[in-house]
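No lab work stands behind these numbers, since they all come straight from the coordinates. Quick caveat, the model's predicted, so the values are computed rather than measured. When we count neighbours, we look across all protein chains shown, and the Cβ atoms used for this are built from the backbone with ideal geometry, even at glycine.
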Amino acid sequence: LTVQPGEGELPRLRVETDHCSGAQYLHGATVTDWKPAGEEPVLFTSAHAVYRDGKAIRGGVPICFPWFGPHPTDPSAPAHGLVRTIPWRLTQTAQGPAGVETQMVTTLDQLHADYRVTFGKQLTLNLTVTNIADTDQTFEAALHTYFRVGDAREVTIAGLEYTRFIDKLQDMKVCDQGEHPVTFTAETDRVYVDTQATCVLNDPVMNRKIKVEKLGSLSTVVWNPWIGKSQSTADFGDDEWTGMCCIESANIGDEAVSLAPGASHTLLVKLSVETL
Ligand code: TA6
């Protein structure tokens, strides 16, 4: 389904329609494309992405929920939770003051997820999780955003200076970022902790910067698979690692969310693009 654009935004949502009920479903509620007027597309989606139930789309904004990464106890469970590989019901698509407003929902047995995405001059991603059980529930969540970049070796990510990160490639060692912005010189897989900082992805090759504002999440995951991981991942092109990086807004690990019955928690991410 190509959602009718506002002035120039042309969001594309891959929607399946249930021909009995007429209900519309969106695979994994994964936004795969956002192109503000006058800009190159902002999100990266692999040319090798697979769009089918049971498989996460390689790119866009996969939703990791109710856990991040491998399941804490069940090795047979899918990585990054249950919801990026199932259909979410599309309950609203409307032109609003801020752009094309969509709403998608899904319910796990204890938690309900309401995801509102607005495609306009900004892209806003608003994931609200509600505890619908009668006992406390704890979950992890992340908006695993893949950004399209001119050359990952040339970009810098500002905003995380002087924060600490867990380096998943150094056996979860806690490191200090120090005074310098984040750059990619090798495979990078880091969880920056205790930060709601706005990040700015500076892309000198595409001559733009992308601002990643976030509320409600205390972790920022930064990832680039580099050449080795790309070549060993079926739905990643061997050379696609140079054209992407992930800046993910998350609540994971010690920053997982605990909700009392009936309580809700929102992760909000706002993306905006400016020419350098
Ligand atoms: O967010 C970074 C990460 O956790 C990496 O460790 C890598 O596994 C990436 O997510 C992609 O995971 P996926 O299951 O989509 O291949």
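Using only the Cα atoms, what convex hull volume per residue in Å³ does region 84-201 have?
Details: hull volume 19.8 nm³, N = 118.
In region 84-201, the Cα hull volume divided by residue count equals 168 Å³.
Our summary gives region 1-155 a relative contact order of 22 percent, counting only alpha carbon pairs under 8 angstrom and 6 or more residues apart.
Over region 181-237, the fraction of Cα-Cα pairs per 10 Å bin, rounded to whole percents and listed from the shortest bin up, is 20, 41, 35, 5. With Rh defined as the Kirkwood radius, the inverse of the mean 1/r over Cα pairs, the Rg/Rh of the chain is 0.94.
Could you sort the peptides 96-102, 72-78, 60-66, 113-119 by per-residue average Cβ neighbour count (10 Å cutoff), highest mean leading? Before the final figure, lay out each step's value.
Details: 96-102: 17.1, 72-78: 9.6, 60-66: 24.9, 113-119: 22.0.
Taking the mean over residues of other Cβ atoms within 10 Å, the ranking is 60-66, 113-119, 96-102, 72-78.
List the pairs from LYS173/LYS270; LYS168/LYS214; LYS229/LYS270; LYS121/LYS229 whose alpha-carbon separation is above 32 Å, in the order I gave them.
Violating the 32 Å Cα-Cα cut-off are LYS121/LYS229.
Highest mean first, the peptides 184-197, 212-225 sorted by other C-beta atoms within 10 Å per residue fall in the order 212-225, 184-197.
Ranking of SER46, SER258 by neighbouring Cβ atoms within 10 Å, starting from the fewest: SER258, SER46. Residue exposure proxy: MET172, MET206, ordered by other Cβ atoms within 10 angstrom of their Cβ from fewest to most, comes out as MET172, MET206. Put the Cα centre of region 127-162 next to the Cα centre of region 245-276 and the gap is 5 Å.
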